[in-house]
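Have a look at the structure below before the remarks.
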There are 2 protein chains.
Amino acid sequence: MKSDIQICRDTNLTPIDQIARQAGILPDDLTPQGTLKAKVKPSILKRLNDRQEGKLVLVTAITPTPLGEGKTVTTIGLAQGLAKINQSVMACIRQPSMGPVFGVKGGAAGGGYSQVAPMEKLNLHLTGDIHAVTAAHNLAAAALDARLYHEERHGYDAFADKTGLTPLRIDINRICWKRVMDHNDRALRMITVGNNEPGKTINGIARDDGFDISAASELMAILALSKDLADMRQRLGRIVLAYNLDGQPVTAEDLQVAGAMAVTMCEAIEPTLMQTLEGVPTLIHAGPFANIAHGNSSIIADRIALKLSDYTITEGGFGSDMGFEKACNIKAQQAERGPDCAVVVATLRGLKANSGCYDLRPGQALPDAIFSPDEKALLGGFANLKWHIRNAAKYGIPVVVAINRFPQDTDTELNLLKAWVSEEDFGCYVDVAISEAFGNGGEGAAELAQAVVSACQTPAQFKPLYSLDQSLEEKLMTVAEVGYGGRGVELSPQAKQQLAELKQQGHDNLAVCMAKTPLSITHDPSQKGAPTDFIVPIRELRLCAGAGFVYALCGNVMTMPGLPEKPAYMALDIDDDGNIIGLS
Amino acid sequence: MKSDIQICRDTNLTPIDQIARQAGILPDDLTPQGTLKAKVKPSILKRLNDRQEGKLVLVTAITPTPLGEGKTVTTIGLAQGLAKINQSVMACIRQPSMGPVFGVKGGAAGGGYSQVAPMEKLNLHLTGDIHAVTAAHNLAAAALDARLYHEERHGYDAFADKTGLTPLRIDINRICWKRVMDHNDRALRMITVGNNEPGKTINGIARDDGFDISAASELMAILALSKDLADMRQRLGRIVLAYNLDGQPVTAEDLQVAGAMAVTMCEAIEPTLMQTLEGVPTLIHAGPFANIAHGNSSIIADRIALKLSDYTITEGGFGSDMGFEKACNIKAQQAERGPDCAVVVATLRGLKANSGCYDLRPGQALPDAIFSPDEKALLGGFANLKWHIRNAAKYGIPVVVAINRFPQDTDTELNLLKAWVSEEDFGCYVDVAISEAFGNGGEGAAELAQAVVSACQTPAQFKPLYSLDQSLEEKLMTVAEVGYGGRGVELSPQAKQQLAELKQQGHDNLAVCMAKTPLSITHDPSQKGAPTDFIVPIRELRLCAGAGFVYALCGNVMTMPGLPEKPAYMALDIDDDGNIIGLS
């Protein structure tokens, strides 16, 4: 089979203005960026206000291996499959971060014959939204350190006299705004800024700091969760960057930098329209990771797609304990709109990896044996799939299992797994289909598409796990107990103190965004399958007042990934004709 | 008078594909990014290969105040003036960095009725080239720290066994590749990366590091100086990131990251076409600062413009000792094409600031008195203008002085200055015109345009100050003595050692790029006017093997600016209709 980039390059794509027209997007709604991508103005929603919304299908997965189980392949394939069976459909996915593109996982455009095209545009820069998030975030950080420095060197009174500004009196020990970069760069996790030559102070004030990856930033969450530009502007102003010496929050509004941040992000709020290899219109917007952020593309993009099509296919990152949970509890509550159907992607290799039959180590390749037929290992891993089916069903919506076929998979094992799902009594609506979207595009996902259409005709009543008026502890416990099947949470002394402060400052009504490993339902990546009887340790709580959630760091999860020994970037280059090679 | 952004917004702009067509750029050469900007493919140069080149006009200035003397206003105004007198003309300018936009100086799109439009697009993101430079630069930095970490934690032999890669054995004390950001962020000048909790090593290896502003980076220089994509790819491979334990260079090619850097920058190599308020086609490409980098837009953009028009107007940043010197000695030698005419921009306020009659302090507003008529102060400052005229003439090309009128300037003083220039015997071709480009656009620059046309008809023989086969010391001395009028250079012990190493490694044939204050012809910002009898202290030499020069840091110049007490970002916001306000 050809490489992803070769398949993409050999496909005749349709000019994006034609894709837009077919989708019902008028020239006035569109700002083309070249011939194959275009920004869509959120003002289109005013024009479409009276239209009825279509169905929202949320694709999730079993607990994945570090290489992923083809959730984007299935999302794009399903959208193509629906088009093949003559349904009106759009897909909404996240913009890939350069961290994984250059690191271990590679691109995030789907693969094989189910890709968003051109995949090299999607995987690199696209229309610059992540760069805008990075720039706005770091502007606030530079502004904060500059203000700290100027107030300190002049003294508060002299600073006020000189500038006419009220001193913010930032507590250097309570700065909670880090810097961000869209790379996997472990050396930036913990840094010291403001170092000086001995006896000098011109480089600012020394303090501990660090970089998160842009995909984990509050600004990325705000971009994904904002209703419109005005809402984004308000959220930016609410961001708490630090506390002052009286323990009061110092916001981006206080620092007079929220306006400039909004200016920096005012093009980023427009989703980017692209197409799949089979011409299905696809909106790309925002790129939060699902382990260390809320892991779902934007509310604005979903709204546009729901107004324009009968089926909107979107995905939450990693397993149903991760992006799906946050789609249902954070995004759906802010959007006031939940999904109508869940698709759970499972693979033979992914289930076997969950069986406990193999010695899997983070950062190492999967053993070859995992790709050979092994009914025992498959059955061992089936527990994980059952867990994710039941988990998705908890939210009150029908579930369709998509068994994503890899080239080396045997019909025997695929059919066996399908039969197991069909025969199990889950006590709720569950259907199953094998998807050959990777190898056969929409045609290969037609059976899955038909199953999704049937599921969406089922009466369903979406409900999140918690309501926002519960307390923060109740929400944390609900996610750990109901969302993960554990026995609750254990807060570190630091997290306990932070919880008390958050409540005292009036943030008890925010949602909770769990940051944890995606490689287990628990916080511990070595616990595969469907663990029970675990307690989730929460080491730190971070306020994201603009995004509207409290960020809970569980176990030893890190908010800045690192590069492996042989990163994906080593394969990338341009050929003599200037074409990109080595991207997958 | 209306604000810059208001003037820009009230102007009817022409669709960019029409601007392109009028300029002779075919639809196949163009990738529109919205309706008012478009990427131009460098492959256009093959099609235009047999065309004759037009004249290259290089705009420079007197020693400026920190607010600038309107060089971009004059560049754009002159281009509009040439169009007004029916000449075929294009302008080529740099992409503004967000550092100054959010810091002190504000935008860099020109001003008044001589702007590149839409100014808010030019000043923010544009088509993402600076973001691409930042991303590619920081990818190499992340790659370097990751390799250092993995080789260290496995041990060289085990690393080789595990990966099949040859260990690079990077000397942690000889890493010369910093990280970059497109903000003014003094707290990032000197940092420590790779910090860890006690007893842990997961965050890499601790070492001193720092950030430069993206506009000062070698990648920005490479973007500006590359002939084409293949040349850029080769230059990226040559970049020296560090030295190994044997003192041998570790290049981006050695790290296998040069290909991915080229992939990251392969759209950035295409200049962006925009228009002036009067519809003159303008190419925007690269954004190196002229104090801490080589300060000129790209060779590719110039080449395209020279093939398409009779007059190409470009500018070198700051005074003629800064960007102009580097345009002539670095860019022209690499491009094998020098300018045909120099335009020296002078202002009343700028000359008075050079008179020594005022107490000027860096970071403080100019005193009101400087805007009032004062013949004595003007005459005092005239020495600076004479110096810059003679300096430009040294390169063998005709000089036209453009007196850039500010609204508060009096006819009396403007005419006085014009008469002084006319009456002085410079022993070379010097003409002078008053430019009212700010207030009157091209009409206000018609006299200047006519003077430039006449100057370009003068037989001239451009010659750089040094040839590349001279030694590095000779080049440094030539710039200090002939380029600045000083008595030579004094190398710090560190710089002396670096010079010996650079020569030993075979880099004696590179150009020299001086990093120094732009606020004086010397290295000392307090020395105004036309100082003589000074020695330029060089504290550090940095190799830029990919850019093709050795970077000399003079005096206490810094490669990462800081934000002032009341930065420009405080005025920026979006209004209720989503329009950007407060940008100038």
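The values are calculated or read from the model by the stated rules, or taken from the named source; none is laboratory data. Please read these numbers as outputs of a predicted model, since none were measured by experiment. Cβ sites come from the backbone with ideal geometry, for glycine too, and all protein chains shown count toward neighbours.
Which residues, taken from the range A:50-73, are hydroxyl-bearing (Ser, Thr, Tyr) and within 16 Å of the chain's Cα centre (by Cα)?
A:Thr60, A:Thr63, A:Thr72 - these are the residues of the range A:50-73 that are hydroxyl-bearing (Ser, Thr, Tyr) and within 16 Å of the chain's Cα centre (by Cα).
Being more than 11 Å from chain A (Cβ to nearest Cβ), farther than 24 Å from A:His137 by Cβ and without any contact (Cβ under 8 Å) to a residue 40 or more places away in the chain, is that true of even one residue in the range B:207-230?
No, the range B:207-230 contains no residue that is more than 11 Å from chain A (Cβ to nearest Cβ), farther than 24 Å from A:His137 by Cβ and without any contact (Cβ under 8 Å) to a residue 40 or more places away in the chain.
Picking from B:Ala369, B:Ala342, B:Ala365, B:Ala383, which residue would you name as being among the small types (Gly, Ala, Ser) and assigned to a strand (DSSP E or B)?
B:Ala342
(1) in contact with a strand residue (DSSP E or B) (Cβ under 8 Å, 6 or more places away or on another chain); (2) within 14 Å of chain B (Cβ to nearest Cβ); (3) over 30 Å from B:Lys227 (Cα atoms): which one isn't true of A:Leu491, the others all being true?
Looking at each condition in turn, A:Leu491 falls short on (2).
Can you confirm whether B:Tyr551 is under 30 Å from B:Glu501 (Cβ atoms) and either in contact with a Pro (Cβ under 7 Å, 6 or more places away or on another chain) or of a type in the set (Ser, Thr, Tyr) (or both)?
Against the criterion (under 30 Å from B:Glu501 (Cβ atoms) and either in contact with a Pro (Cβ under 7 Å, 6 or more places away or on another chain) or of a type in the set (Ser, Thr, Tyr) (or both)), B:Tyr551 qualifies.
Residue-by-condition table, conditions (1) more than 25 Å from the chain's Cα centre (by Cα); (2) surrounded by 17 or more Cβ atoms within 10 Å (Cβ to Cβ); (3) modelled with pLDDT of 95 or more; (4) in a helix (DSSP H, G or I):
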residue: B:Ile403; (1), (2), (3), (4): no, yes, yes, no
residue: B:Ser422; (1), (2), (3), (4): yes, no, yes, yes
residue: B:Phe438; (1), (2), (3), (4): no, yes, yes, yes
residue: B:Gly442; (1), (2), (3), (4): no, yes, yes, yes
residue: B:Ala495; (1), (2), (3), (4): no, yes, yes, yes
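Go through the range A:151-160 and count every residue that is surrounded by fewer than 14 Cβ atoms within 10 Å (Cβ to Cβ) and away from chain B (no Cβ under 11 Å).
Count: 2.
Here are some conditions: (1) within 11 Å of chain A (Cβ to nearest Cβ); (2) closer than 21 Å to B:Arg542 by Cβ. B:Asp254 meets all but one. Which one does it not meet?
(1)
Within the range A:551-566, restricting attention to residues that are more than 7 Å from chain B (Cβ to nearest Cβ) and in a loop (DSSP other than H, G, I, E, B), which residue is surrounded by the fewest Cβ atoms within 10 Å (Cβ to Cβ)?
If we take residues in the range A:551-566 being more than 7 Å from chain B (Cβ to nearest Cβ) and in a loop (DSSP other than H, G, I, E, B), then A:Asn556 is surrounded by the fewest Cβ atoms within 10 Å (Cβ to Cβ).
Please work out which one of (1) outside the structural domain of B:Phe406 (by the TED database); (2) out of contact with any Asp or Glu (no Cβ under 9 Å at 6 or more places or on another chain) is the condition B:Glu120 fails and give its number.
(1)
For the range B:45-58, state whether one or more residues are surrounded by 24 or more Cβ atoms within 10 Å (Cβ to Cβ), basic (Lys, Arg) and either closer than 27 Å to B:Arg337 by Cβ or touching a strand residue (DSSP E or B) at 6+ places or on another chain (Cβ under 7 Å) (or both).
No, every residue in the range B:45-58 fails to be surrounded by 24 or more Cβ atoms within 10 Å (Cβ to Cβ), basic (Lys, Arg) and either closer than 27 Å to B:Arg337 by Cβ or touching a strand residue (DSSP E or B) at 6+ places or on another chain (Cβ under 7 Å) (or both).
Examine the range B:176-188 for a residue that is surrounded by 24 or more Cβ atoms within 10 Å (Cβ to Cβ), touching a Leu at 6+ places or on another chain (Cβ under 7 Å) and aliphatic (A, V, I, L, M), and state whether such a residue exists.
Yes, the conditions are met somewhere in the range B:176-188.
Quick one: how many residues across the range A:94-105 are within 11 Å of chain B (Cβ to nearest Cβ) and assigned to a helix (DSSP H, G or I)?
Of the residues in the range A:94-105, 4 are within 11 Å of chain B (Cβ to nearest Cβ) and assigned to a helix (DSSP H, G or I).
Conditions first: (1) buried (at least 21 other Cβ atoms within 10 Å of the Cβ); (2) over 29 Å from A:Glu443 (Cα atoms); (3) aliphatic (A, V, I, L, M). A:Leu366 passes all but one, so which condition is the exception?
The one condition A:Leu366 does not meet is (1).
Among the candidates B:Gly578, B:Gly485, B:Gly546, B:Gly529, which residue alone is in a loop (DSSP other than H, G, I, E, B), within 14 Å of chain A (Cβ to nearest Cβ) and either over 23 Å from the mean Cα position of the chain (by Cα) or closer than 25 Å to B:Leu465 by Cα (or both)?
None of the other options fit; the residue is B:Gly578.
Restricting to the range A:106-148, name every residue that is over 30 Å from A:Ile172 (Cβ atoms), of a type in the set (A, V, I, L, M, F, W, C) and within 10 Å of chain B (Cβ to nearest Cβ).
Hits for the range A:106-148 are A:Leu124, A:Leu126.
Against the condition at pLDDT below 95 and either among the aromatic types (Phe, Trp, Tyr) or within 30 Å of B:Glu565 (Cβ to Cβ) (or both), how does B:Lys178 come out, does it pass?
So B:Lys178 fails the test.
Residues that are facing another protein chain (nearest Cβ under 9 Å), in contact (Cβ under 8 Å) with a residue 40 or more places away in the chain and closer than 24 Å to A:Ala135 by Cα: does the range B:198-205 have at least one?
Within the range B:198-205, none of the residues are facing another protein chain (nearest Cβ under 9 Å), in contact (Cβ under 8 Å) with a residue 40 or more places away in the chain and closer than 24 Å to A:Ala135 by Cα.
Just checking, how many residues over the range A:181-197 are out of contact with any helix residue (DSSP H, G or I) (no Cβ under 9 Å at 6 or more places or on another chain) and either more than 7 Å from every other protein chain (Cβ to nearest Cβ) or part of a helix (DSSP H, G or I) (or both)?
Final tally of qualifying residues: 1.
Somewhere in the range B:165-180, is a residue more than 7 Å from every other protein chain (Cβ to nearest Cβ), closer than 30 Å to B:Gly107 by Cα and either in a strand (DSSP E or B) or in contact with a Lys or Arg (Cβ under 7 Å, 6 or more places away or on another chain) (or both)?
So far as the range B:165-180 goes, yes, one or more of its residues are more than 7 Å from every other protein chain (Cβ to nearest Cβ), closer than 30 Å to B:Gly107 by Cα and either in a strand (DSSP E or B) or in contact with a Lys or Arg (Cβ under 7 Å, 6 or more places away or on another chain) (or both).
Against the condition more than 14 Å from every other protein chain (Cβ to nearest Cβ), within 25 Å of A:Glu267 (Cα to Cα) and of a type in the set (A, V, I, L, M), how does A:Ile19 come out, does it pass?
Here the answer is yes, as A:Ile19 does meet what is asked.
Which one of the conditions (1) buried (at least 18 other Cβ atoms within 10 Å of the Cβ); (2) over 21 Å from B:Phe324 (Cβ atoms) does B:Leu510 fail to meet, given that it meets all the rest?
Exception for B:Leu510: condition (2).
Looking only at helices (runs of 4 or more DSSP H) that fall completely inside the range B:1-93, which ones have 3 or more residues that are in contact with an Asp or Glu (Cβ under 6 Å, 6 or more places away or on another chain) and closer than 29 Å to B:Lys105 by Cα?
B:71-84
Within the range B:572-584, work out how many residues are within 30 Å of A:Arg153 (Cα to Cα) and at pLDDT 95 or above.
The total comes to 2.
Would you please list the contacts, defined by Cβ atoms under 7 Å and residues six or more apart or on different chains, that run from a residue in the range A:351-380 that is touching a residue at least 40 places away in the same chain (Cβ under 8 Å) to a residue that is polar (S, T, N, Q)?
The qualifying pairs are A:Leu351/A:Asn384; A:Ala353/A:Thr65; A:Asn354/A:Thr63; A:Asn354/A:Asn384; A:Leu366/A:Thr65; A:Pro373/A:Thr410; A:Pro373/A:Thr412; A:Gly380/A:Ser355.
Suppose we filter the range A:444-459 for residues that are crowded, with 20+ Cβ neighbours inside 10 Å and either farther than 19 Å from A:Tyr113 by Cβ or touching a Lys or Arg at 6+ places or on another chain (Cβ under 9 Å) (or both); how many remain?
Qualifying residue count, the range A:444-459: 8.
Inspect all residues belonging to the range A:68-85 and state whether any of them is surrounded by fewer than 24 Cβ atoms within 10 Å (Cβ to Cβ), more than 14 Å from every other protein chain (Cβ to nearest Cβ) and touching a Phe, Trp or Tyr at 6+ places or on another chain (Cβ under 7 Å).
Within the range A:68-85 (the criterion being surrounded by fewer than 24 Cβ atoms within 10 Å (Cβ to Cβ), more than 14 Å from every other protein chain (Cβ to nearest Cβ) and touching a Phe, Trp or Tyr at 6+ places or on another chain (Cβ under 7 Å)), the answer is no, since none of the residues qualifies.
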